[in-house]
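Peer 1: My questions all concern the structure below.
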Amino acid sequence: MAQRLTLRRRLSYNTNSNKRRVVKTPGGRLTYQYLKKKGTVPVCGDPSCNIRLSGVARARPREWSRMSRRMKSVNRPYGGSRCALCVRNRVVRAFLIEEQKIVTKVLKAQQQAQAAAAKQK
């Protein structure tokens, strides 16, 4: 016959905070081992992207506050906040915007040069 188990805490309901596992002790008895809640995986902070961040540990808030910095982030700009794809898109977008500004400035200078040449004639 299976060994009966007694709860080690007062809460007897099967709630999220009261998960337990049956464990055999070194003495051969079966006891309950209470499990902690799993932490959620951090996701990318971009509004359109909800990819899980790789290289960042999952943890509960209290645990998270006690973890070292290297476990909470990745070594790149926006590491631990945005995924690599979103960072790449941001860099490319910024580069293209700067290029566009340069192109408009060059076109404006050419138009002014043409207008000055037309005035001289």
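Peer 1: Roll a 1.4 Å probe over the protein chains and send me the accessible area per residue for the chain in Å².
Peer 2: Values: 10650 Å² over 121 residues.
On a per-residue basis, the chain sits at 88 Å².
Peer 1: Of 12, 73, 81, which is the most mobile in a GNM of the chain whose springs link Cα atoms less than 10 angstrom apart?
Peer 2: Comparing 12, 73, 81 in the GNM, the peak value goes to 12.
Peer 1: Under the rule of at least 5 residues apart or a separate chain, name every residue whose amide H is placed under 5 Å from the amide H of residue 20.
Peer 2: Amide H to amide H, under 5 Å and 5 or more residues apart or across chains, residue 20 pairs with 35.
Peer 1: Could you state the angle between the C-alpha long axis of helix 84-120 and the longest principal axis of the C-alpha atoms of the chain, as a value from 0 to 90 degrees rounded to the nearest 10?
Peer 2: For 84-120 against the chain, the angle is about 10 degrees.
Peer 1: Given that compact globular proteins tend to follow 2.2 N^0.38 Å, what is the ratio of the alpha-carbon Rg of the chain to that value?
Peer 2: 2.20
Peer 1: Hey, another quick one. Skipping prolines and chain starts, which residues have an amide H placed within reach, meaning under 5 Å, of the one on residue 43, given they are 5 or more residues away or on another chain?
Peer 2: 53
Peer 1: Calculate one ³J(HN,Hα) per residue across the range 38-45 by plugging θ = phi - 60° into the Karplus curve 6.51 cos²θ - 1.76 cosθ + 1.60, and present them in order as whole Hz with x for glycine and proline.
Peer 2: For the range 38-45, the Karplus-derived couplings read 7, x, 8, 7, x, 10, 4, x Hz, x marking Gly and Pro.
Peer 1: Can you list the HN-Hα couplings for the range 27-34, worked out from phi with the Karplus curve (6.51, -1.76, 1.60; θ = phi - 60°), rounded to whole Hz and with x for Gly and Pro?
Peer 2: Values per residue, Gly and Pro as x: x, x, 7, 9, 9, 8, 10, 7 Hz.
Peer 1: Need the full-extension length gain, residue 109 to residue 34, defined as separation in residues times 0.36 nm minus the C-alpha distance. One decimal, nm.
Peer 2: Here the segment from residue 109 to residue 34 would lengthen by 19.7 nm.
Peer 1: Whenever you get a sec, compute what percent of the accessible area on the chain sits on carbon and sulfur atoms (1.4 Å probe).
Peer 2: Numbers: 5600 of 10650 Å².
Here carbon and sulfur together make up 53 percent of the probe-accessible area.
The values are calculated or read from the model by the stated rules, or taken from the named source; none is laboratory data. Keep in mind that what you see is a predicted model, and the values were worked out from it rather than measured. Areas reflect the complete protein model, heavy atoms only, side chains present, ligands, DNA and RNA absent. Shrake-Rupley method; radii C 1.70, N 1.55, O 1.52, S 1.80 Å.
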